[in-house]
1. Ignoring ligands, DNA and RNA, what percent of the 1.4 Å accessible area of the chain is carbon and sulfur?
2. If you count, for each residue, the other Cβ atoms within 10 Å and average over each peptide, how do 64-75, 135-146 line up from highest to lowest?
3. Assuming 0.692 mPa s and 37 °C, estimate D for the stretch 93-216 with Stokes-Einstein, Rh taken as the Kirkwood radius over Cα pairs, in µm²/s.
4. Under DSSP H, which helices of the chain have Cα atoms covering 20 Å or more of the helix axis and a Kyte-Doolittle average no less than 0.0?
5. Counting DSSP beta bridges in the chain, what percent are antiparallel, to the nearest 5?
6. Can you give the percent of C-alpha pairs in the stretch 308-356 whose distance is more than 14 Å?
7. Tell me which of 287, 320, 248 sits at the most positive position along the dipole axis of the stretch 170-326, charges placed on C-beta atoms (Lys, Arg +1; Asp, Glu -1).
8. Divide the volume of the convex hull of the Cα atoms of the chain by its number of residues and quote the answer in cubic angstrom per residue.
Amino acid sequence: MEIMEEKEWGMVGKRGCQFVVEDKPFFINGFNTYWLMVLSAYERKKEVTKVLHQASSVGLNVCRTWAFYDAGSRALQITPGVYNEKVFEGLDFVLSEAKRFGIRLILSFVNNWNAFGGKAQYVNWGRDAGLSITCDDDFFSDPTIKGYYKAHVKAILNRVNTITNVMYKDDPTIFAWELINEPRCPSDPSGDKLQAWIEEMASYVKSIDPVHLLEIGEEGFYGYSNPDKMLLNPSRCAGEGGTDFIRNHQASGIDFASVHMYPDSWIKQPDSKARLNFGRTWMQSHIDDADNVLGMPVVFGEFGVSRKHEGFSFSFRDTFINMVHQTLLRSTKKGGSGAGSLLWQLFTEGTENMDDGYAVNLAKAPSVSHMLALQSKRLKNLVTKSSRKWFWSGKNKNLLNKFTTNHEEPQK
């Protein structure tokens, strides 16, 4: 398969509540595979190629993956600002291979959780440097630790790919940057600490790369700025974690909203109907917020069903995936903000040791493969059938007029 010509691979942007590439709508039917960089670095490129090929074969067009591994035996960032070139070259390969298969990437800068280092590792580096640290949430407020994070962001954005010779911040293969995977700051339920961090880091990313899209990486929990909405959270503690979906996504520099969805782990009773109803309500609430309040696309960046949870069945997984697709289609068909979803997560043969229960091997899951291919076809047909007159008409035109900033205005 030949690498696409650059003219066929424009940068993704947004106008109003829709993603666009060269004035055509762009809808996401995607997936998560977090381990691509590490396997690429350590003699397992074939698995990377295979999972990208399988995804491409059913029309998936965006992959979300990690651009971090902080400390540890296979670290990208060994200590603050010190990098393992071998692992960086693994990420270079991921970018070049993704483009070869027509797949764009969402690259996340850091993890909220301890896996692959995360904010706890940044805090540990701070302690080792003699900082007075009270808890892991100081990641969001300590000036030195914030400096470590900014240095990592800068290293990623300014990286020149050793295979393509393209700087990351100039590469249209990258769909978007993600500030942090699933941020939480329970030490400050008011949300002020996390909000200040989002505003500061979004501004910093945009100061280096004003072109690529930027998202937060949130799960979508509502906070105290919208107390009525907090009733929609899956639990009371979800609203106490310092995140605030609407307020956070109103920060300058954030281009689209991110939401995650795991009804099988969030809704404790093993009742398939209750879990489906929660998922449908969760999605529609966030689509409505993106349509009517935020005026931006919303992407359901993680959704899945674990085989390890009580009540699992393959039929429920299929029904759940179909519900996600249908809910998004209802939005996209009328020009709404429902911009797409990314299944958690795709695996291939030889990677089973990293399976968290959610892994889907398309070669062994024909029903899921069929549904993903069908959704890709539906979305492709929407793009093909939509003229620019249709795309900027109706609801989306109204949103565009209401929310578009100067640099996002459509060309005349």
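1. Details: 8370 of 16190 Å².
So the carbon and sulfur contribution to the accessible surface is 52 percent.
2. Working: 64-75: 20.7, 135-146: 18.5.
Going from most to least packed, we get 64-75, 135-146.
3. 213 µm²/s
4. On the way: long enough: 85-100 (22 Å, -0.26); 143-157 (21 Å, 0.03); 192-208 (25 Å, -0.18); 272-289 (26 Å, -1.05); 314-333 (28 Å, -0.19); 366-385 (28 Å, -0.19).
Going by DSSP H runs, the hits are 143-157.
5. If I count the DSSP bridges inside the chain, around 20 percent turn out antiparallel.
6. 66 percent
7. 320
8. Details: hull volume 55.3 nm³, N = 412.
Cα convex hull per residue, to the nearest whole number: 134 Å³.
The values are calculated or read from the model by the stated rules, or taken from the named source; none is laboratory data. Note that the coordinates shown come from a computational prediction; the quantities given were computed from them, not determined experimentally. Heads up, the Cβs are rebuilt from the backbone with ideal geometry, glycines too, and the neighbour counts pull from every protein chain shown. What goes into the accessible areas is simple: the full protein's heavy atoms, side chains included, and nothing from ligands, DNA or RNA. Shrake-Rupley method; radii C 1.70, N 1.55, O 1.52, S 1.80 Å.
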